[in-house]
1. What do you reckon, is Phe210 in contact with a Lys or Arg (Cβ under 9 Å, 6 or more places away or on another chain), under 20 Å from Met158 (Cα atoms) and crowded, with 16+ Cβ neighbours inside 10 Å?
2. If Val128 satisfies all but one of (1) aliphatic (A, V, I, L, M); (2) part of a helix (DSSP H, G or I); (3) farther than 27 Å from Ala202 by Cα, what's the number of the condition it fails?
3. How many of the residues in region 110-126 are hydrophobic (A, V, I, L, M, F, W, C) and within 20 Å of Leu160 (Cβ to Cβ)?
4. Just name the residue that is nearest to Gln144 (Cα to Cα) out of those in region 177-221 that are of a type in the set (Ser, Thr, Tyr) and at pLDDT 85 or above.
5. List every residue pair whose Cβ atoms sit under 6 Å apart, with the two residues 6 or more apart in sequence or on different chains, where the first one lies in region 30-49 and is closer than 28 Å to Phe210 by Cβ and the second, anywhere, is assigned to a helix (DSSP H, G or I) and among the polar types (S, T, N, Q).
6. Could we say that Ala25 is in contact (Cβ under 8 Å) with a residue 24 or more places away in the chain and within 16 Å of Val113 (Cα to Cα) here?
7. Considering Ala184, Ala132, Ala149, Ala138, which residue is farther than 25 Å from Thr62 by Cα, touching a residue at least 60 places away in the same chain (Cβ under 8 Å) and hydrophobic (A, V, I, L, M, F, W, C)?
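The values are calculated or read from the model by the stated rules, or taken from the named source; none is laboratory data. Note that the structure is a prediction, hence the values are computed from the model and not measured. When we count neighbours, we look across all protein chains shown, and the Cβ atoms used for this are built from the backbone with ideal geometry, even at glycine.
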Amino acid sequence: MSPPSSAADLIRAHLDRVNRLREQARSAGLARAVDEVKRLQAARFRATYADFLQHPIHASATRFFLEELYGVHDFAQRDAQFARIAGALERLFPQAVAQLAVDLAETHALTEVLDHELATHWLALESVQPPALRYTLAWRNTGQREARARQLAVVQHMGLELQRLTRMRALRMALRMMRNPARAAGLDALQHFLESGFDAFASLGDARHFLDTISARESRWIHTLFDGHESDCCAALAAELALDPMPD
């Protein structure tokens with residue numbers, strides 16, 4: 001079988017993968033572990049980017065990444081809406097918008113695959129272990145260095161495309177005009193995502209410093225979690241989690 005090639009096919013393939021993982025997590029008793037992993041990762045993200053979350057220019061884009069890409073949310077409704085209009089998205093919008101949608105779907109699928117594997121190893125470890133140690137061991141047992149690098153690269157590309165698209169005033173106006181039709185068609189979750197991304201990056205201005213900082217900080221964490229001495233890595237992660245400005 002030849003691999004899917006169109007944007008619509010790629011979007012549906014990525015979202016179908018996410019849906020299968022959700023079903024597997026429920027049937028295998030992994031759902032709670034996946035949620036625990038996601039909550040820890042969200043706490044680490046909030047701590048790592050606490051300065052950006054308080055920054056008048058960077059806050060909106062940072063919240064977009066945290067809430068719309070890596071948040072501890074049930075994205076099933078948005079995914080279903082996304083898959084339903086994948087073909088129309090490709091027909092009605094510029095190619096760059098369709099590619100942005102592919103990037104989102106790929107990021108979503110990569111994140112779910114990695115979180116699912118992390119949760120499997122997390123569940124296999126003693127729950128009495130400190131969360132930083134348990135997460136470090138689960139990360140290393142999962143491996144997937146190339147997938148981590150790919151995840152970061154796709155996020156970078158998505159950010160640059162969002163910045164470019166926000167400069168197309170006609171596209172931004174068309175998106176605003178879609179609010180009522182989207183609500184009537186049951187596409188409000190997808191509409192919210194698109195508008196949130198456009199608004200966040202429109203307010204950001206030049207996104208390169210923002211994206212370069214994310215790349216540098218996440219690359220450093222990837223290196224630490226893979227290659228740092230276990231005790232040093234656990235201490236660094238525990239210290240970072242302690243800085244979470246919004247602990248559960």
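1. Judged against the criteria, Phe210 is not a match.
2. It fails just one condition, (2).
3. Counting residues in region 110-126 that are hydrophobic (A, V, I, L, M, F, W, C) and within 20 Å of Leu160 (Cβ to Cβ) gives 1.
4. Ser219
5. Tyr49/Thr62
6. When the stated conditions are applied, Ala25 passes them.
7. Result of the check over Ala184, Ala132, Ala149, Ala138: Ala138.
Each row is one residue, and each column tells you yes or no for (1) assigned to a helix (DSSP H, G or I); (2) under 24 Å from Phe82 (Cβ atoms).
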{"position": "Leu165", "(1), (2)": "yes, yes"}
{"position": "Ala174", "(1), (2)": "yes, yes"}
{"position": "Ala189", "(1), (2)": "yes, yes"}
{"position": "Asp212", "(1), (2)": "yes, no"}
{"position": "Arg220", "(1), (2)": "yes, no"}
{"position": "Thr224", "(1), (2)": "yes, no"}
{"position": "Ser231", "(1), (2)": "yes, no"}
{"position": "Pro247", "(1), (2)": "no, no"}
